[in-house]
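**Student:** Dropping a structure here in structure tokens format, bear with me for questions.
The values are calculated or read from the model by the stated rules, or taken from the named source; none is laboratory data. Quick caveat, the model's predicted, so the values are computed rather than measured. Cβ atoms come from the backbone with ideal geometry, glycine included; neighbour counts cover every protein chain shown.
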Amino acid sequence: MLRNLPFVVGCAAVLAFFTAAPVPAAQYGTAEEAKAMLSRAIAAVKHNEANALDHFNKGDGGFKDRDLDVLCANASDGIITAHPTRKGGQLKNLPLGQRNRRPLSKPQVSPEP
């Protein structure tokens, strides 16, 4: 009986490997992927600014990946100059971080003075 144990364990491992459901792709990009995209965006702007902004606006050239994309804006007036969907808008109107906000499990109460 024990001499067949490695064979049975091997078959079970192969069966588990081939019948496992495929893992769906991640819905959101990681911090590392965002940093890599930022590095590529900076390099693209330094190489050819007009072409880079065009790619950022279209979301092509590797500058749109799931929830990651490039946004450029003027520091002086806050006008968004490059983004696939928000070009021409104001930075102050961006809903930054709303997807990542979660309600607190307990309300935070400040102590009274």
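**Student:** Which of the residues belonging to region 73-113 are at pLDDT 55 or above, among the polar types (S, T, N, Q) and in a loop (DSSP other than H, G, I, E, B)?
**Tutor:** Matches in region 73-113: 74, 76, 85.
**Student:** State the number of residues belonging to region 44-72 that are farther than 12 Å from residue 84 by Cβ and either assigned to a loop (DSSP other than H, G, I, E, B) or under 14 Å from the mean Cα position of the chain (by Cα) (or both). Please lay out each step first, then the result.
**Tutor:** In the first step, residues of region 44-72 are kept if they are farther than 12 Å from residue 84 by Cβ; the result is 44-52, 62, 66.
After this cut, where a residue has to be either assigned to a loop (DSSP other than H, G, I, E, B) or under 14 Å from the mean Cα position of the chain (by Cα) (or both) as well, the list is 48, 62, 66.
The number of residues fulfilling the criteria is 3.
**Student:** Something else about it: Could you please let me know if residue 22 is in a loop (DSSP other than H, G, I, E, B) and at pLDDT below 90?
**Tutor:** Answer is yes for this residue.
**Student:** Tally time: how many residues in region 43-56 are surrounded by fewer than 18 Cβ atoms within 10 Å (Cβ to Cβ) and closer than 22 Å to residue 30 by Cα?
**Tutor:** Residues flagged as surrounded by fewer than 18 Cβ atoms within 10 Å (Cβ to Cβ) and closer than 22 Å to residue 30 by Cα within region 43-56 amount to 1.
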